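What follows is a short report on a single structure.
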Amino acid sequence: MTGKKSYDSKKMPLFIVSGASSVGKTSACEILFLKESRYIVMESDLLWREEFDTPEDNYREHRETWMRVCASISQIGLLVVLCGCGLPEQFEVCDARQLFTDIHYIAVVCEEKELERRMREGRGITDTDWLESSRHFNGWLKQHAGETVPPVSLIDNTNLTPEQTADEIDSWIEGWL
């Protein structure tokens with residue numbers, strides 16, 4: 001036998017958990033990471049490098065890299081949940097999109113005053129530009145998530161604990177399976 005054997009890759013869905021900075025998505029995803037066995041949860045900041053800071057192309061190489069990593073993990077039969085800021089328009093255009101059957105999107109949102117409290121008290125953020133950017137993205141998601149292609153589901157965690165938020169995300173994922 002000559003040459004390398006080719007293997008068919010397993011295509012599976014990818015789940016994206018998005019939301020504004022300090023909204024509580026990372027806390028909820030950390031809980032999911034510790035308790036779930038049907039899927040693996042990855043935090044997109046893990047692979048962040050300065051050269052990925054390319055807002056002019058919506059940080060495409062960062063997303064391409066993550067999608068390839070997620071697709072590789074999927075080859076062992078585990079679903080992947082990727083946690084980080086992002087919208088369908090930033091993932092659906094990637095070359096690595098073809099590696100998944102579907103990508104399902106959910107965003108964690110909360111009321112503006114609660115978001116600001118979490119940013120100031122929980123993360124100690126006082127940078128007004130960062131505060132405004134997070135408030136803007138949170139508000140945009142609340143108004144437009146259903147208009148994206150595919151649409152982004154929402155979880156309002158204003159009055160939820162991180163554990164309750166994690167349970168809501170888990171229920172949403174299980175609803176796709």
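The values are calculated or read from the model by the stated rules, or taken from the named source; none is laboratory data. Keep in mind that this is a model prediction, so the values were computed, not measured. We place every Cβ from the backbone using ideal geometry, glycine too, and count neighbours over all the protein chains shown. In case anyone asks, the SASA skips ligands and DNA or RNA and just uses the protein heavy atoms, side chains included. Shrake-Rupley method; radii C 1.70, N 1.55, O 1.52, S 1.80 Å.
Going by what's in this entry, would W172 be described as under 30 Å from S72 (Cβ atoms) and in contact with a His (Cβ under 6 Å, 6 or more places away or on another chain)? Walk me through how you get there before you give the answer.
Working: under 30 Å from S72 (Cβ atoms): yes; in contact with a His (Cβ under 6 Å, 6 or more places away or on another chain): no.
In short, no.
Considering segment 129-153 alone, what residues qualify as being aliphatic (A, V, I, L, M) and either within 14 Å of the chain's Cα centre (by Cα) or open to solvent by 50 Å² or more (accessible area, probe 1.4 Å) (or both)? I'd like the intermediate steps shown before the answer.
At the first step, the residues of segment 129-153 found to be aliphatic (A, V, I, L, M) are 131, 141, 145, 149, 152.
If the condition is that a residue be aliphatic (A, V, I, L, M) and either within 14 Å of the chain's Cα centre (by Cα) or open to solvent by 50 Å² or more (accessible area, probe 1.4 Å) (or both), then L141, A145, V149, V152 are the ones that fit.
Conditions tested, residue by residue: (1) modelled with pLDDT under 95; (2) not aromatic (F, W, Y).
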site: N58; (1), (2): yes, yes
site: E64; (1), (2): yes, yes
site: R68; (1), (2): yes, yes
site: Q75; (1), (2): yes, yes
site: L79; (1), (2): yes, yes
site: E89; (1), (2): yes, yes
site: Y105; (1), (2): no, no
site: V109; (1), (2): no, yes
site: E116; (1), (2): yes, yes
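Is there a residue in segment 18-34 that is modelled with pLDDT of 90 or more, basic (K, R) and buried (at least 16 other Cβ atoms within 10 Å of the Cβ)?
Within segment 18-34, one or more residues are modelled with pLDDT of 90 or more, basic (K, R) and buried (at least 16 other Cβ atoms within 10 Å of the Cβ).
Give the residues of segment 57-116 that are more than 24 Å from L154 (Cα to Cα) and of a type in the set (K, R), sorted by residue number.
Matches in segment 57-116: R68 only.
Which of the numbered conditions does F137 fail, given that it passes all the others? Conditions: (1) closer than 11 Å to L87 by Cα; (2) in contact with a helix residue (DSSP H, G or I) (Cβ under 6 Å, 6 or more places away or on another chain).
Only one criterion in (1) closer than 11 Å to L87 by Cα; (2) in contact with a helix residue (DSSP H, G or I) (Cβ under 6 Å, 6 or more places away or on another chain) is unmet by F137, namely (2).
Please find, among I173, I125, I169, the residue that is surrounded by 14 or more Cβ atoms within 10 Å (Cβ to Cβ) and at pLDDT below 95.
That would be I125, the only listed residue that is surrounded by 14 or more Cβ atoms within 10 Å (Cβ to Cβ) and at pLDDT below 95.
L160 is checked against (1) open to solvent by 40 Å² or more (accessible area, probe 1.4 Å); (2) in contact with a Ser or Thr (Cβ under 7 Å, 6 or more places away or on another chain); (3) closer than 26 Å to L34 by Cα and fails just one. What number does that condition carry?
Of everything listed in (1) open to solvent by 40 Å² or more (accessible area, probe 1.4 Å); (2) in contact with a Ser or Thr (Cβ under 7 Å, 6 or more places away or on another chain); (3) closer than 26 Å to L34 by Cα, L160 misses just condition (2).
Right, R118: in contact with a Cys (Cβ under 8 Å, 6 or more places away or on another chain), open to solvent by less than 70 Å² (accessible area, probe 1.4 Å) and basic (K, R) or not?
Numbers: in contact with a Cys (Cβ under 8 Å, 6 or more places away or on another chain): yes; open to solvent by less than 70 Å² (accessible area, probe 1.4 Å): yes; basic (K, R): yes.
Considered against the rule, which asks whether it is in contact with a Cys (Cβ under 8 Å, 6 or more places away or on another chain), open to solvent by less than 70 Å² (accessible area, probe 1.4 Å) and basic (K, R), R118 comes out as yes.
Quick check, is D156 of a type outside the set (G, A, S), within 16 Å of V23 (Cα to Cα) and over 14 Å from the mean Cα position of the chain (by Cα)? Talk me through it step by step, then tell me what you get.
Numbers: of a type outside the set (G, A, S): yes; within 16 Å of V23 (Cα to Cα): yes; over 14 Å from the mean Cα position of the chain (by Cα): yes.
It is true that D156 is of a type outside the set (G, A, S), within 16 Å of V23 (Cα to Cα) and over 14 Å from the mean Cα position of the chain (by Cα).
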